[in-house]
Amino acid sequence: MPFSAPKGTYDVRPPDSARWLEVRGALLAPARLAGYALIDTPIFEDTALFARGVGESTDVVSKEMFTFTDKGGRSLTLRPEGTAGVVRAVVEHGLHHGQLPVKVWYAGPMFRHERPQAGRFRQFQQVGIEALGVDDPALDAEVVALAVEAFRELGLQRTELLLTTLGDRVCRPVYTEQLREFLAGLPLDADTRRRAEVNPLRVLDDKRPEVQALVADAPALVEHLCEECRVHYDLVRAHLTDLGISWHEAPRLVRGLDYYMRTTFELQHPLLGAQSAVGGGGRYDGLSEAIGGPPLPGIGWALGVERTLLALDAEGVHGEPPARCAVFAVPLSEDARRFTVPLIDELRRAGIPTDMAYGGRGLKGAMKAADRSGAALAVVIGAEELATRVVQLKDLSTGEQQAVSADDVVAQVRKRLP
Ligand code: AMP
């Protein structure tokens, strides 16, 4: 085989694709019940959209983008995340002039040139929601709750919510300056020192134990919030409490995208090892302005489909493998095949998932195919019964068989399906 899927990518393929699709849908189900509508934006955008929106100093923008020049000389980038494109689309089409908040969901592939490992791909599938145009702690709570609910509905019990606030344009810069000064007094290596200058918050998130020990006494942002941010965060937590949602305060949670402010959260799964984040999100009130739009508050999240599947495996939550069809037709001769093609068409039109044995297999091979299809019933069409328009309905779990009229097949099948 001369080709294989590019490094860090994978093929969604049967039979597992059914579960993939189901999980992707289930993650969005709570949001759809809450009034979020589909938005689907291009998988590539102007490179500058991500540079300005996500932030030049982030790993995502500085190291991980798939960027190319098109034939018109434009620099384009395969989207590394969904929010910047959604905000671009909302502003471009003036959706924020309608009813607020604008509530949208999306699902699709994202691209990051990361080192592939378990749960980390270069093309991966995210589902996400965004709620724009309103700055209301109750909306923050709704968005957080919809992520929590998404995992709970799937049957995951061990997903943990980490929650914090990153302050706003008033209090964060003051805090950042204090943190920078604090970090300047530490014996950090050259690389970390540079990071402390560019983005001191990131240093707090450094996983190395020696760095963790050094920053243990660093000032915490939650203790330096301005009044507005404190009130906002208190209300978000009060709403979450009312919703019966529990969380861990994570004052050092730093996410890989620069646009977050105020409410920020991550969902982690303890059984996933190094890549433990199954989802994350937060408020991004300055993002629209950063990409040249009007002031437009917003909050959203993105959840990873691959890691959700890994978490489901780790917890031993397995969905029922859905049957490919309910009825499987087995024609036993060429004439029977002529008869079968419109017969399965009739069953399908009646909304009954139906397939048939193609390829002129003998009875044994065809019955094996019927078993493999997961169907509950086989319709066996023998040559000799064609004249009388009689077919055999066989229950594939009990083996029971009964002759029924082909003209009555839909009703007879319906009677026997669970
Ligand atoms: P982020 O956009 O970085 O906040 O990521 C949101 C979620 O997307 C994460 O919690 C992961 O579940 C998933 N994710 C991010 N990067 C990757 C990747 N390279 N491979 C697979 N899933 C990813």
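The values are calculated or read from the model by the stated rules, or taken from the named source; none is laboratory data. In this text, all values refer to a predicted model and were calculated from it rather than measured experimentally. Using ideal geometry, Cβ is built from the backbone for each residue, glycine included, and neighbour counts are taken over all protein chains shown.
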TODO: List the number of the failed condition for PRO251; all other conditions in (1) assigned to a helix (DSSP H, G or I); (2) in contact with a strand residue (DSSP E or B) (Cβ under 9 Å, 6 or more places away or on another chain); (3) touching a residue at least 60 places away in the same chain (Cβ under 8 Å) hold.
DONE: (1)
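Filter the stretch 64-87 down to residues that are away from the ligand (no atom under 16 Å from the Cβ) and on the phi < 0 side of the Ramachandran plot, then give me how many there are.
Start the filter on the stretch 64-87 by keeping residues that are away from the ligand (no atom under 16 Å from the Cβ), which leaves 67-76.
Adding the requirement that they be on the phi < 0 side of the Ramachandran plot leaves 67-72, 74-76.
Qualifying residue count for the region: 9.
Taking the options TYR259, TYR233, name whichever one is surrounded by 20 or more Cβ atoms within 10 Å (Cβ to Cβ) and modelled with pLDDT under 90. Quick ask: steps written out before the conclusion?
Numbers: TYR233 fails: modelled with pLDDT under 90.
None of the others qualify; the one that does is TYR259.
Give the residue, chosen from VAL54, VAL12, that is surrounded by fewer than 19 Cβ atoms within 10 Å (Cβ to Cβ) and β-branched (Val, Ile, Thr).
On the way: VAL54 fails: surrounded by fewer than 19 Cβ atoms within 10 Å (Cβ to Cβ).
It is VAL12.
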TODO: Take THR41 and decide whether it is touching a residue at least 12 places away in the same chain (Cβ under 8 Å) and either within 16 Å of the ligand (Cβ to nearest atom) or in contact with a Cys (Cβ under 8 Å, 6 or more places away or on another chain) (or both).
DONE: yes
TODO: Return only the number of the condition from (1) within 15 Å of TYR36 (Cβ to Cβ); (2) within 16 Å of the ligand (Cβ to nearest atom) that ALA145 does not satisfy.
DONE: (2)
- [ ] Of the numbered conditions (1) modelled with pLDDT of 95 or more; (2) within 16 Å of the ligand (Cβ to nearest atom); (3) of a type in the set (A, V, I, L, M), ALA250 fails exactly one; give the number of that condition.
- [x] (1)
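For (1) of a type in the set (Lys, Arg); (2) within 19 Å of GLU385 (Cβ to Cβ); (3) within 16 Å of the ligand (Cβ to nearest atom), each residue gets a yes or a no:
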{"residue": "ASP313", "(1), (2), (3)": "no, no, yes"}
{"residue": "VAL317", "(1), (2), (3)": "no, no, no"}
{"residue": "PHE328", "(1), (2), (3)": "no, yes, no"}
{"residue": "LEU343", "(1), (2), (3)": "no, yes, no"}
- [ ] Would you check if ALA89 is free of Cβ contacts under 8 Å to residues at least 60 places away in the same chain, closer than 26 Å to VAL254 by Cα and part of a helix (DSSP H, G or I)?
- [x] no
TODO: Within the stretch 117-130, track down each residue that is within 8 Å of the ligand (Cβ to nearest atom) and surrounded by fewer than 19 Cβ atoms within 10 Å (Cβ to Cβ).
DONE: ARG120
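Give VAL127, VAL134 a once-over and let me know the one that is part of a loop (DSSP other than H, G, I, E, B), closer than 28 Å to LEU201 by Cβ, of a type in the set (A, V, I, L, M) and touching a residue at least 24 places away in the same chain (Cβ under 8 Å).
Values: VAL127 fails: part of a loop (DSSP other than H, G, I, E, B).
From the options VAL127, VAL134, the qualifying one is VAL134.
Kindly evaluate GLY25 against the criterion of being surrounded by fewer than 17 Cβ atoms within 10 Å (Cβ to Cβ) and outside any helix (DSSP H, G or I). Reasoning before the result, please.
Numbers: surrounded by fewer than 17 Cβ atoms within 10 Å (Cβ to Cβ): yes; outside any helix (DSSP H, G or I): no.
When the stated conditions are applied, GLY25 does not pass them.
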- [ ] Name the single residue, out of those in the stretch 227-286 being touching a helix residue (DSSP H, G or I) at 6+ places or on another chain (Cβ under 7 Å) and hydroxyl-bearing (Ser, Thr, Tyr), that is farthest from MET65 (Cα to Cα).
- [x] THR263
Task: Considering residues of the stretch 255-314 that are of a type in the set (D, E, K, R), touching a residue at least 12 places away in the same chain (Cβ under 8 Å) and assigned to a helix (DSSP H, G or I) only, the residue nearest to TRP20 (Cα to Cα) - done: GLU306
Open item on the list: Taking the criterion of being buried (at least 21 other Cβ atoms within 10 Å of the Cβ), within 12 Å of the ligand (Cβ to nearest atom), of a type in the set (A, V, I, L, M) and closer than 12 Å to VAL144 by Cα, would at least one residue in the stretch 279-299 satisfy it?
Closed with: no
